[in-house]
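Quick notes on the structure that follows.
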Amino acid sequence: MANAPERNPPEQLRSQRWLGADDLRSFGHRSRLKQMGFGPEDYEGKPVIAILNTWSEFNTCHTHFRERAADVKRGVLQAGGFPVEVPVMSLSETFMKPSAMFYRNLLAMEVEEVIRCHPVDGVVLMGGCDKTTPGLIMGAISAGVPAIYVPGGPMLKGNFCGTTLGSGTDAWKYWAERCAGNLDDCQWRQIEDGIARSPGHCMTMGTASTMTAIAEALGLTLPGASSIPAVHAAHNRMASASGRRIVHLVRVNAGCCEILTERAFENAITCDMAIGGSTNAIIHLIAMAGRAGIRLPLEKFDEVSHRTPVLANLRPSGQYLMEDFYDAGGLPALLHNIRHLLHLDCPTVNGRTLGENIADAKVYNDNVILNPDKPLSQAGATFILRGNLAPDGCVIKPTCAEPRLLKHTGPALVFKDYPDLKARIDDDKLPVTPDSVLVLQNGGPEGAPGMPEWGMLPIPRKLLRQGVRDMVRVSDARMSGTSYGTCVLHVSPESAVGGPLAFVRDGDLIELDVQARRIHLRVTDEELARRREQWKPPAARFGRGYGKLFCSETTQAHEGCDFKFLHAGPPTPEPDIF
Ligand code: FES
């Protein structure tokens, strides 16, 4: 498709409505471009390419984005386009509270409307830090113009006294050692110095690496783009090549709906499972597909998970980091190893099919990208569980759990919300044993709000001192893609809207059987009904503003947490220009 002859001649470009007419409004647009020093030779007959840049000094993962935007511009100019850099909201996983997830839909709305209200023919989406990828892609899908994704790239490996550090994963790990009294102030400071030492997103297989890999598997990036470290010179070259490519995509009028088919999403789910991807990917994939009018039920993830081995030996499931993954051949090499599970005929932005893009890819280190007959796990990274505790499903990442806990029954120890957990978790009098099941309520989309990454509930300090490093934990929250442990997440419906999780009480027995895909609260239906009658929903948290919009419009985790009014629907009219 994207190598087709030009079918979007200059006079039919969308931007011509702003720039091409002989009227007062177009006069205003052209005269204001002249104000910036641009004349007709800069834009006349050329596709206008918006470079949507999520640079921000609060987003430490995107500190190289101004430079990369310049690389993209270079490519756009080389191909005969007119580049315009446009800032859009940056979702900093590190600094945004209550959670960057709370603002994913706001970014998506901004992207859609920024495209719609401006003379834009095509977009380059620059993201990387967790929620920026789905937010940008969701908005671009809804706007319906040709788009290409430029992934920000992972940062360099961390280092602590000669030991490799992975972002997130090793922060949790060494924090547990610090709480157990095994790390002094000086060592803790050295870890702080060395765990994030270059531009780029988290270099574990966290949500950022997962979502950029998914963007590539969907066909929205140039081949191999998502694995390139942020500071590698190949990253600059990929950015300028993306700039060249988007101009062509506009000329052939190749919108992303041609790429984002149901089969492309199935490829993305397969990729997610094979890389040991973040559990967050499930929510984002459902939301992105929803924008394209495609429904992804949780059963689809479980079906793909059953047949897909985990081949990326990357933390938190495995041993290595993204820099190693790139050197081992990167995503194309991994996809080559599972090519029999992929729809190879799906088109991608470079005009070739996914199958053509990965046909010659090679693995250079099979300790990092594993052979299919020696996988990290025979089944995929994320399992879907159901039971009376989660009628609409919940998820677990078994590769990150202690195997002995994958079948476990234990008494619940319930925290009614995160402040309650913070207040009590390290109390030496907490009635907890290694067999307890820690339960967190009100951590979901409405309850928290924004479904923060609280799902890796901390191990109580008194158990840490006894050497306990994993326990069964259950919540309606998410967990960071860099986290690990036997954490049952995304329980749906959430407790704040009256899901059964709201009715769990201390001492109730909870049965977890991951192989059977089951989670069960050993309480009779009659008793649950009685508790439901006594239950009172939490008071509304927001009386106005974005929080009010979020809580009234968000869907549940199994539906992707997109706003109801943003799902695919009838086309939104183009703006009038009067
Ligand atoms: Fe940005 Fe992890 S904090 S990707």
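Worth a mention:
- Taking 0.36 nm per residue of sequence separation and removing the Cα-Cα distance, the Arg518/Tyr364 pair yields an extension gain of 51.6 nm.
- Across the chain, Cα-Cα distances exceeding 42 Å account for 21% of all pairs.
- Each other residue within a Cβ distance under 14 Å of Leu344 adds +1 if Lys or Arg and -1 if Asp or Glu, for a net charge of -1.
- Other residues lying with their Cβ under 13 Å from the Cβ of Val72 contribute a combined charge of +4, Lys and Arg counting +1, Asp and Glu -1.
- Label point of Ala21 set 7 angstrom out along Cα-Cβ; within region 562-578, amide nitrogens under 13 Å from it belong to 575-578.
- Taking N as the residue count of region 60-111, its C-alpha radius of gyration divided by 2.2 N^0.38 Å amounts to 1.43.
- Taking the DSSP beta bridges with both ends in region 311-442, the antiparallel portion is around 55 percent.
- Surface accessible to a 1.4 Å probe, per residue, for the residues of region 185-227, Å²: 29
- Within the same chain, aspartates and glutamates fewer than 8 places from Lys46 are excluded, and of the rest, those with a Cα less than 19 Å from its Cα are Glu6, Glu11, Asp22, Asp71, Glu85, Asp121.
- His232 - accessible surface, heavy atoms, 1.4 Å probe, Å² rounded to 10: 70
- Probe 1.4 Å, protein heavy atoms only - accessible area per residue of region 323-435 in square angstrom: 45
- Taking the inverse of the mean 1/r over every pair of distinct Cα atoms in region 1-53 gives a Kirkwood hydrodynamic radius of 12.4 Å.
- Rounded to the nearest 10 Å², the accessible area of Cys179 at probe 1.4 Å: 20
- Value of relative contact order over the chain, rounded to a whole percent, pairs C-alpha under 8 Å and six or more apart: 14
- When only alpha carbons are used to place a centre, region 536-578 and region 324-343 end up 37 Å from one another.
- Leu463, Leu509, reordered so the largest accessible area comes first (probe 1.4 Å): Leu509, Leu463
- Sparsely packed loop sites in region 324-401 (the chymotrypsin sites (Phe, Trp or Tyr not before Pro) outside DSSP H, G, I, E and B with at most 12 other Cβ atoms within 10 Å) comprise Tyr364.
- Electrostatic bookkeeping for Cys561 treats Lys and Arg as +1 and Asp and Glu as -1; over the other residues with beta carbon under 14 Å from its beta carbon, the sum is -4.
- Spin-label zone in region 472-506 - amide nitrogen under 17 Å from a point set 7 Å from the Cα of Arg530 along the C-beta vector: 503-506
- Considering only region 374-480, percent of DSSP beta bridges that pair antiparallel, nearest 5: 35
- Going by accessible surface with a 1.4 Å probe and the largest first, Arg7, Arg404, Arg461, Arg251 read Arg404, Arg7, Arg461, Arg251.
- Cα shape, region 375-471, gyration tensor, a/c 1.5 rule: oblate
- Gyration tensor (alpha-carbon) shape descriptor, region 469-551, a/c threshold 1.5: oblate
- Listed residue pairs exceeding 24 Å between alpha carbons, taken from Lys416/Lys536; Lys73/Lys564; Lys422/Lys564; Lys157/Lys422: Lys73/Lys564; Lys422/Lys564; Lys157/Lys422
- Label point distance in nm, Glu402-Arg469, each placed 7 Å from Cα along Cα→Cβ: 0.9
- Per-residue extension of 0.36 nm, minus the Cα-Cα distance of Arg178 and Gln35, leaves a gain of 45.7 nm for this segment.
- Per-pair calculated FRET efficiency, R0 = 25 Å: Asp435 and Gln378 via Cβ, rounded to 0.05: 0.35
- The three principal axes of the C-alpha atoms in region 167-318 carry coordinate ranges of 60, 39, 25 Å, sorted with the longest axis first.
- Amide N of region 297-329 lying under 20 Å from the label point, which is placed 7 angstrom from the Cα of Arg339 along Cα→Cβ: 308-312, 326-329
- Spatial offset of region 276-294 relative to region 166-223 amounts to 22 Å, using the alpha carbon center of each.
- The chain: calculated mean residue ellipticity at 222 nm from DSSP helix runs of at least 4, using -39500 (n - 2.57): -10000 deg cm²/dmol
- As a rough guide to protection, the peptides 523-534, 448-459 ranked by mean Cβ packing within 10 Å, highest first, stand as 448-459, 523-534.
- Lysines with Cα under 23 Å of Lys407, excluding same-chain neighbours fewer than 8 positions away: Lys397
- Antiparallel DSSP beta bridges within the chain, percent to nearest 5: 40
- For the peptides 157-164, 221-228, residues were scored by their other Cβ atoms within 10 Å and the scores averaged per peptide; the highest-first order is 221-228, 157-164.
- Rounded to the nearest 10 degrees, the angle from helix 525-534 to the longest Cα principal axis of the chain is 70 degrees.
- For Glu266, Glu67, Glu494, the ranking by accessible surface with the largest value first comes to Glu67, Glu266, Glu494, using a 1.4 Å probe.
- Region 87-240 - Kirkwood radius from inverse mean 1/r over Cα pairs (Å): 16.7
- Projecting the Cα positions of Gly293, Ala147, Val491 onto the charge dipole of the chain (unit charges on Cβ atoms of Lys, Arg, Asp and Glu, taken about the Cα centre) puts Val491 furthest along the positive direction.
- Three-way shape label, region 189-234, alpha-carbon gyration tensor, a/c 1.5: oblate
- Alpha-carbon centroid distance for the pair region 21-91 / region 93-149, whole angstrom: 16
The values are calculated or read from the model by the stated rules, or taken from the named source; none is laboratory data. All values derive from a computational prediction rather than experimental measurement. In this analysis, Cβ positions are derived from the backbone assuming ideal geometry, glycine residues included, and neighbour counts consider all displayed protein chains. Heavy atoms of the whole protein, side chains included, go into the accessibility calculation; ligands, DNA and RNA do not. Shrake-Rupley method; radii C 1.70, N 1.55, O 1.52, S 1.80 Å.
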